[in-house]
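Enquirer: Sending over a structure as structure tokens; questions will come in a sec.
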2 protein chains.
Amino acid sequence: MSPATDVRSRRREQTRAEILAAAWQLAERDGIAGLSLRDLAAEVGMRAPSLYTYFPSKAAIYDAMFTAGFLQLEEATAGLTVEPADAVGTLAAHVEAFVAFCQDSVPRNQLLFTRAVPGWEPSEEAYAASVGSYARMARQLGELGIHNAQHLDLLTALSAGLAAQQLANDPNGTRWRELSRDAAEMFLAHVRRTT
Amino acid sequence: MSPATDVRSRRREQTRAEILAAAWQLAERDGIAGLSLRDLAAEVGMRAPSLYTYFPSKAAIYDAMFTAGFLQLEEATAGLTVEPADAVGTLAAHVEAFVAFCQDSVPRNQLLFTRAVPGWEPSEEAYAASVGSYARMARQLGELGIHNAQHLDLLTALSAGLAAQQLANDPNGTRWRELSRDAAEMFLAHVRRTT
DNA sequence: GTCTATAGACGGATAGAC
DNA sequence: GTCTATCCGTCTATAGAC
């Protein structure tokens, strides 16, 4: 690859990132399903057809946002440690981080965890990002001694439910998020009782 | 009111019900946000403008569906008894009924519990139906000795989460729904421990 | 009460000039 | 790589004839 090509692809990647950033911003305003290519192009100082230089379709833009969203979830929980000696504290911190992550961006939450975009679903490659995210969570719970599949399912339901209620009924508050520690205690007591 | 007027308003009500039934059917196919007045009219053998004889706007149709949806939730749980002597069984049955209700119709679930329709939210009158539904649930939990607001919030999160996971990851199965009894036991043990 | 016709807007995507 | 112009489709809603 010649240096010129290298520079060109770097610029291209930068513009793609700029478009995606603008897409998140517009999705915040209009909802993830309300994103339009005309508005998106205007936001980055282009006309709609020029976007097709960077993405082959609107679906490809959603795909890129989907993948980026799960990367952000990785980052949001990467700093948290797993301490088997303090299972409740560890779990509470992870649940609260998850609820906070969902609350942090309504459209991202819609894109990653609901089927809010009519006629679109993640491509296989994009979907792989979400599978990897789940596998990592399962591994961390394994370090806390939780291996039962039903227990895992119960915990995902609990986390998803706290986030859903927080977003639906108190989007800017902490009413459900602050129940994270209670939820962790409740869940771990159940695990101890039924293992 | 003359007999003729009576007959006329009866027919009108019947046609309205027919339109709503067709609306649910189409929403099942195209998603709640994908409902279009053209298709809806065609489904009942009309053209789109004729619908305006029965509903003043598309939003009014969503409103009527929203209210009907909460009535259906009432009906789905009306047959269930509340037996303080068997709190776990009572709660398990109610949670499972709720998950089954959500699973029974994806678009109804979208309409009632998510903000899946861009630009629409329930009118105040319609919203009152959902408030009444929550109040009834709180009263029934009171009969089981559960009064703490945080406990109520934890239970709504748990129920909503089971339903969300069931719908998102196993829409035609029972993977999360069958955890209803576990969830009830887990929750009630927590209530006993923290009251 | 139902229709045709249409307003008026918005959407994704493509052709072809520059 | 970006543009203008445009295709072709979508939609809700209204006017006015019958």
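The values are calculated or read from the model by the stated rules, or taken from the named source; none is laboratory data. These numbers come from a predicted model, not from an experiment. Positions of Cβ are backbone-derived with ideal geometry, glycine not excepted, and every protein chain shown enters the neighbour counts.
Enquirer: Just one of the numbered conditions (1) without any contact (Cβ under 8 Å) to a residue 40 or more places away in the chain; (2) at the interface with chain B (Cβ under 10 Å from one of its Cβ atoms); (3) of a type in the set (Gly, Ala, Ser) is not true of residue A:97; which one?
Expert: (2)
Enquirer: Would you check if there is a residue in the range A:185-192 being surrounded by fewer than 20 Cβ atoms within 10 Å (Cβ to Cβ) and either modelled with pLDDT under 95 or of a type in the set (D, E, K, R) (or both)?
Expert: First, the residues of the range A:185-192 that are surrounded by fewer than 20 Cβ atoms within 10 Å (Cβ to Cβ): A:185, A:189, A:192.
Going one step further and asking which of them are either modelled with pLDDT under 95 or of a type in the set (D, E, K, R) (or both), we end up with A:185, A:192.
The answer is yes, given that some residue of the range A:185-192 is surrounded by fewer than 20 Cβ atoms within 10 Å (Cβ to Cβ) and either modelled with pLDDT under 95 or of a type in the set (D, E, K, R) (or both).
Enquirer: Just to be sure I understand, how many residues within the range A:36-49 are within 6 Å of DNA strand C (Cβ to nearest atom) and not in a helix (DSSP H, G or I)?
Expert: 1
Enquirer: Moving on. What do you reckon, is residue B:57 over 21 Å from residue B:136 (Cβ atoms) and either away from DNA strand C (no atom under 12 Å from the Cβ) or within 14 Å of chain A (Cβ to nearest Cβ) (or both)? Steps first, please.
Expert: Values: over 21 Å from residue B:136 (Cβ atoms): yes; either away from DNA strand C (no atom under 12 Å from the Cβ) or within 14 Å of chain A (Cβ to nearest Cβ) (or both): yes.
It is true that residue B:57 is over 21 Å from residue B:136 (Cβ atoms) and either away from DNA strand C (no atom under 12 Å from the Cβ) or within 14 Å of chain A (Cβ to nearest Cβ) (or both).
Enquirer: For the range B:74-131, how many residues are more than 16 Å from the chain's Cα centre (by Cα) and among the β-branched types (Val, Ile, Thr)?
Expert: Going through the range B:74-131 one residue at a time, the tally reaches 4.
Enquirer: Select, from B:140, B:103, the only residue that is within 14 Å of another protein chain (Cβ to nearest Cβ), more than 16 Å from DNA strand D (Cβ to nearest atom) and touching a residue at least 24 places away in the same chain (Cβ under 8 Å). Step through it out loud before you land on a result.
Expert: On the way: B:140 fails: within 14 Å of another protein chain (Cβ to nearest Cβ).
Matching residue, one of B:140, B:103: B:103.
Enquirer: Checking residue A:119 against (1) at pLDDT 95 or above; (2) at the interface with another protein chain (Cβ under 9 Å from one of its Cβ atoms); (3) surrounded by fewer than 13 Cβ atoms within 10 Å (Cβ to Cβ), only one condition comes out false. Which one?
Expert: So the condition that residue A:119 fails would be (1).
Enquirer: Identify all residues within the range A:165-186 that are more than 7 Å from chain B (Cβ to nearest Cβ) and touching a Leu at 6+ places or on another chain (Cβ under 6 Å); write none if there are none.
Expert: Passing the criteria: only A:184.
For (1) away from DNA strand D (no atom under 16 Å from the Cβ); (2) closer than 24 Å to residue A:188 by Cβ; (3) of a type in the set (A, V, I, L, M), each residue gets a yes or a no:
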| residue | (1), (2), (3) |
| --- | --- |
| A:47 | no, no, no |
| A:52 | no, no, no |
| A:56 | no, no, no |
| A:60 | no, no, yes |
| A:66 | yes, no, no |
| A:73 | yes, yes, yes |
| A:76 | yes, yes, yes |
| A:80 | yes, yes, yes |
| A:84 | yes, yes, no |
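Enquirer: So which residues in the range B:143-159 are crowded, with 17+ Cβ neighbours inside 10 Å and within 11 Å of chain A (Cβ to nearest Cβ)? Outline the logic, then answer.
Expert: Of the range B:143-159, the ones crowded, with 17+ Cβ neighbours inside 10 Å are B:144, B:146, B:151, B:153-159.
Across the range B:143-159, the qualifying residues are B:151, B:153, B:154, B:155, B:156, B:157, B:158, B:159.
Enquirer: When you look at residue A:114, is it at pLDDT below 95, under 29 Å from residue B:33 (Cα atoms) and away from DNA strand D (no atom under 13 Å from the Cβ), yes or no? Walk me through how you get there before you give the answer.
Expert: Working: at pLDDT below 95: yes; under 29 Å from residue B:33 (Cα atoms): yes; away from DNA strand D (no atom under 13 Å from the Cβ): yes.
When the stated conditions are applied, residue A:114 passes them.
Enquirer: To continue, here is another question. Considering each residue of the range A:25-35, count those that are within 8 Å of DNA strand C (Cβ to nearest atom) and part of a loop (DSSP other than H, G, I, E, B), and give that number.
Expert: Matching residues across the range A:25-35 total 1.
Enquirer: Quick one: which of B:5, B:15, B:77 is away from DNA strand C (no atom under 16 Å from the Cβ), among the polar types (S, T, N, Q) and part of a helix (DSSP H, G or I)? Quick ask: steps written out before the conclusion?
Expert: Numbers: B:5 fails: away from DNA strand C (no atom under 16 Å from the Cβ); B:15 fails: away from DNA strand C (no atom under 16 Å from the Cβ).
One residue alone meets the criteria, B:77.
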